[in-house]
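The values are calculated or read from the model by the stated rules, or taken from the named source; none is laboratory data. All of these numbers come straight from a predicted model, not from anything done at the bench. Cβ coordinates were reconstructed from backbone atoms using ideal geometry, including for glycine residues, and neighbour counts include every protein chain displayed. These area figures cover heavy atoms from the full protein model, side chains too; ligands, DNA and RNA do not enter into them. Shrake-Rupley method; radii C 1.70, N 1.55, O 1.52, S 1.80 Å.
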Amino acid sequence: MSGENELSQKTGGTIVEDVKPQVDGGRFAIKRVVGESVEVTAACFAHGHERVACTVRFRGPGDEAWREVAMEALGNDLWSATFPVDRSGAWEYSVACWIDHLTSWREGFARRIEPGDIRLAARMGAELIGRSAANCGARDRARLEAWGETLGEEGDVERLRAAALDAGLFELARANEPRDALTETQPLAVAVDRERARFSTWYELFPRSAGNEPGMHGTFADVDERLDEIAAMGFDVLYLPPIHPIGRDKRKGRNNATTASAGDVGSPWAIGAKEGGHTAILPALGTAADFRHLVMATRARGMEIALDIAFQCAPDHPWVRQHPEWFRKRPDGSIQYAENPPKKYQDIYPLDFDSADWSALWQALRDVFLFWAKEGVAIFRVDNPHTKPFAFWEWVIKEVKDAYPEALFLSEAFTRPHVMHQLAKLGFTQSYTYFTWRLTKAELTEYFTELSQEDSREYFRPNCWPNTPDILPYHLQNASLAAFRVRLVLAATLAANYGMYGPAFELGENRPREPGSEEYLDSEKYQLRHWDRASPASLAPLVTLLNATRRSHPALQSDWSLAFHRTDSDHLLCYSKWSGDDRVLAVVNLDPHNVQSGWVEVDAAALGLDPGGGLTMRDALGEATYSWRAGRNFVRLDPAAAPAHLFVIS
């Protein structure tokens, strides 16, 4: 707030408070995607009986001038207005409020009865109109001056009353009224991304396991051959783990063995070898030209590549030799390898973001993003960002988005809630979530109500994954395919952004490395895997059906309309989403072992429906159609046949 506005408040000016939405008092930007709107509310008022006028002022990236939209009164000093965002980049908005003398005058005039009072009030109005006329062009000035002269005459009272209440002239005068006691808030920020920030469907695969024969090291060309299959399943983001040279020094063997055997390929997250580091490509995968071809081929199918960015180094990464000051030393002078006790990662050296040469390090890491962005990558999945300084992420994301406004960032931070949320505030477009471990009806209802309805939704965009290469959650260990189906349906319909660690999830990979571990046995992180994608047990048909439903129903393409409906069973979870005339309602059997039945209570208000109307429910997962009504309806779900109904409502 400017010094002038602070003075106006101290001497009896207008007040603006409780502006929403905002994050941490305006410290961070709220988030939207192109085509959405920002609805702004605020409390705006003045002393006594004075009326106020309010606007939301806004401008987009590259705009010099501000645009305005008038706020409408909601009652009890609350005001609201909405403005659209039509392109990616950094937007700003503020709320302005001032004394609306003309409205106060007009309302008072309409209540006057005595002729003398009417003539006096008319002359007062003429003075106010004269102030507005001074702000107009010649034509409008002449109209307002003529109006003011009429009100200043000692004429017939009824004629004065009719003139004073002229709606068209009143609005003209009000639009040009001096903004007395003006208060304007400091601009608040809106980070606007392309639509894929809000709605995306991710498929993760290791290119080195894409070969057609067991034991054959896959290439970018092999991935290219799979693109039609992946696109047909309905995915729009193909996420690749690191594609860089893999360290040979201290390379890990199969199942994270400390010592590698001959032929072991190592972990892609142990980045760097004599062939290069974070801007180099593992030669066995192909060349830079091969990668560029894959990027273009992916886009030609309506998808795009997401590339893993892991800021850590193998012991033989070129930076270890060229910039030893970028790494922490142990007391014996050796470089400290990564640890997360009891886990040890001898094949990975963390970077020291606080080293004396931190500035050069930060710029080198920024240049990694810029290098791959120039190669056509516009989505980055960032590994373990919570182990790097917050200040670095705020700086580097801004640097990259200034150069590439379409860039998107997914935060892979399975950590404490405040840390995850801070990363989202600092600029990460999407965030992994705790969905992976939320199982019960109560847990899922509480967590997704938080994600979709609480204030954090303004900056935290969830991306839900039932599994990852690092995480085989306990409930999927040695589990049936029915358990995988349940988790798939939940991820794809509770969240507008979801992903899956592709072949492993499709085929129900369920073997843990050892009891009490969430690591896979024969993890693809440490060895080549050959997946039998033609297996009749594959979940690919269900994946395809769910993704097609997501694409054809706008209700499933955003999160904020999510509402939960009561059921009389803890094994049945019911929830809905809607957008315009599109409404979907899911009922999921959370028990993968047993048939469950019970009553679902459809809340018509949550769906914007007539509480007494009949409902035609077409199951997108089974094509059966049911006649329901708002209120109680019976369901029975056999997880061996179909774990859920996904109803399209008409």
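Take the residues in segment 515-531 that are open to solvent by 20 Å² or more (accessible area, probe 1.4 Å) and modelled with pLDDT of 95 or more, then tell me which one is nearest to PHE235 (Cα to Cα).
Taking the candidates together, the pick is TRP531.
Scan segment 411-419 and tell me whether some residue there is open to solvent by 10 Å² or more (accessible area, probe 1.4 Å), touching a helix residue (DSSP H, G or I) at 6+ places or on another chain (Cβ under 9 Å) and within 29 Å of THR41 (Cα to Cα).
The answer is yes; a qualifying residue exists.
Out of everything in segment 234-276 that is aromatic (Phe, Trp, Tyr) and part of a loop (DSSP other than H, G, I, E, B), what residue ends up being farthest from ALA407 (Cα to Cα)?
TRP269
Where in segment 138-189 are the helices (runs of 4 or more DSSP H), entirely inside, with at least 1 residues that are buried (at least 16 other Cβ atoms within 10 Å of the Cβ) and modelled with pLDDT of 90 or more?
Of the helices (runs of 4 or more DSSP H) lying wholly inside segment 138-189, those with at least 1 residues that are buried (at least 16 other Cβ atoms within 10 Å of the Cβ) and modelled with pLDDT of 90 or more span 138-152, 167-175.
What are the pairs with Cβ atoms under 8 angstrom where one residue, in segment 495-515, is within 29 Å of SER576 (Cβ to Cβ) and free of Cβ contacts under 8 Å to residues at least 40 places away in the same chain and the other, located anywhere, is in a strand (DSSP E or B) and of a type outside the set (S, T, N, Q)? Sequence gap at least six, or different chains.
GLU506/MET500
Of all residues being assigned to a loop (DSSP other than H, G, I, E, B) and out of contact with any Phe, Trp or Tyr (no Cβ under 7 Å at 6 or more places or on another chain) in segment 14-25, which is most open to solvent (accessible area, probe 1.4 Å)? Just the residue, please.
GLN22
Just to be sure before I move on: is ALA424 out of contact with any Pro (no Cβ under 8 Å at 6 or more places or on another chain), open to solvent by 20 Å² or more (accessible area, probe 1.4 Å) and among the small types (Gly, Ala, Ser) in the structure I sent?
Taking the combined requirement at face value, the residue does not satisfy it.
Can you name every residue in segment 346-364 that is surrounded by 18 or more Cβ atoms within 10 Å (Cβ to Cβ) and touching a residue at least 60 places away in the same chain (Cβ under 8 Å)?
Within segment 346-364, ASP347, ILE348 qualify.
Residue check: is PRO214 assigned to a loop (DSSP other than H, G, I, E, B) and either open to solvent by less than 10 Å² (accessible area, probe 1.4 Å) or closer than 30 Å to ARG57 by Cβ (or both)?
No, not satisfied.
Does ALA289 qualify as being open to solvent by 40 Å² or more (accessible area, probe 1.4 Å), among the small types (Gly, Ala, Ser), assigned to a loop (DSSP other than H, G, I, E, B) and without any contact (Cβ under 8 Å) to a residue 24 or more places away in the chain?
So ALA289 fails the test.
Considering only residues of segment 329-359 that are small (Gly, Ala, Ser) and out of contact with any helix residue (DSSP H, G or I) (no Cβ under 8 Å at 6 or more places or on another chain), which is modelled with the lowest pLDDT?
For segment 329-359, the residue satisfying everything is GLY333.
Pick out the one residue from TYR404, TYR434 that is surrounded by fewer than 19 Cβ atoms within 10 Å (Cβ to Cβ), farther than 23 Å from PRO350 by Cα, within 16 Å of the chain's Cα centre (by Cα) and among the hydroxyl-bearing types (Ser, Thr, Tyr).
Testing whether each residue is surrounded by fewer than 19 Cβ atoms within 10 Å (Cβ to Cβ), farther than 23 Å from PRO350 by Cα, within 16 Å of the chain's Cα centre (by Cα) and among the hydroxyl-bearing types (Ser, Thr, Tyr) leaves just TYR434.
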